[in-house]
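A.B. asks: Structure below; questions to follow.
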Amino acid sequence: MPATGRLFIDADACPYKDEVVEVARRFICTCIFVANMPLKKLEGRDGIETILCEQEFDGADKYILSHALGEDCVLTKDLLLAKLLVEKGIPVASFRGKPINSENIGQYLAMRGLKQEVREHDSGPKRQKNNIGKRKKEKSQFKESFHLFLGLHF
């Protein structure tokens, strides 16, 4: 059965590469992992392409922006890339599996700015890293949300 679409993944910072592949296979879409660093763990797997971009600043973002089309989907953490893709009419999901669209991109960008301001002025104790139980829950939530996102587009 031929692939139903293409899914571009901004792969350098993606915490859920295996989960992306697992969910995307249900929709028979081609996963295109785009990165500035080699992705040896993913190379050679069926239904997966890996694109190694030049190690220039935003090389993977530029590749995704120039190659993704309206019938494709993109998974990224980069809100500025997401904004540009949304403006082109390309469906985008965050690394939480949630859609980023014209209705919520402004809120995402405002929250990003607010968090940056807080970090710059915060001298309090640093947050501890997530514990294993929380990461498992986050993976499960990602898979569920991402499945719903892909179901709307493929």
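A.B. asks: Quick one: which residue in Asn104, Asn36 is under 18 Å from Ile9 (Cβ atoms) and of a type outside the set (Ser, Thr, Tyr)?
C.D. replies: Just one listed residue meets the conditions, Asn36.
A.B. asks: Would you mind finding the one in Arg119, Arg135, Arg127, Arg112 that is farther than 24 Å from Glu22 by Cβ, charged (D, E, K, R), at pLDDT below 95 and within 18 Å of the chain's Cα centre (by Cα)?
C.D. replies: Arg112
A.B. asks: Out of region 35-64, which residues are surrounded by 15 or more Cβ atoms within 10 Å (Cβ to Cβ) and of a type in the set (A, V, I, L, M, F, W, C)?
C.D. replies: Ala35, Leu39, Leu42, Ile48, Ile51, Leu52, Cys53, Ala60, Ile64, listed by residue number.
A.B. asks: Can you pull out the residues in region 65-84 that are in contact with a helix residue (DSSP H, G or I) (Cβ under 7 Å, 6 or more places away or on another chain) and of a type outside the set (D, E, K, R)?
C.D. replies: Of everything in region 65-84, those that are in contact with a helix residue (DSSP H, G or I) (Cβ under 7 Å, 6 or more places away or on another chain) and of a type outside the set (D, E, K, R) turn out to be Leu65, Ala68, Cys73, Val74, Leu75, Thr76, Leu79, Leu81, Ala82, Leu84.
A.B. asks: For a quick check of your reading: which strands (runs of 3 or more DSSP E) sit entirely within region 1-71 and have at least 3 residues that are within 21 Å of Gly89 (Cβ to Cβ)?
C.D. replies: Result: 6-10, 30-35.
A.B. asks: Let me ask another. Residues in region 79-89: is at least one part of a loop (DSSP other than H, G, I, E, B) and either within 15 Å of the chain's Cα centre (by Cα) or at pLDDT 95 or above (or both)?
C.D. replies: Yes, region 79-89 has at least one match.
A.B. asks: Here's another thing I want to ask about it. Considering every residue within region 88-95, establish whether at least one is surrounded by fewer than 19 Cβ atoms within 10 Å (Cβ to Cβ) and in contact with a helix residue (DSSP H, G or I) (Cβ under 7 Å, 6 or more places away or on another chain).
C.D. replies: Checked against the condition, which is being surrounded by fewer than 19 Cβ atoms within 10 Å (Cβ to Cβ) and in contact with a helix residue (DSSP H, G or I) (Cβ under 7 Å, 6 or more places away or on another chain), region 88-95 yields no hits at all.
A.B. asks: Which pairs have Cβ atoms under 7 Å, sit 6 or more apart or on different chains, and link a residue in region 33-54 that is within 24 Å of Thr4 (Cβ to Cβ) to one that is loosely packed, with under 14 Cβ neighbours inside 10 Å?
C.D. replies: Correct list of pairs: Gly47/Arg25; Thr50/Glu43.
The values are calculated or read from the model by the stated rules, or taken from the named source; none is laboratory data. Since this is a predicted model, take the numbers as computed values, not measurements. All Cβ positions, even for glycine, are placed from backbone atoms using ideal geometry, and neighbour counts span all protein chains on display.
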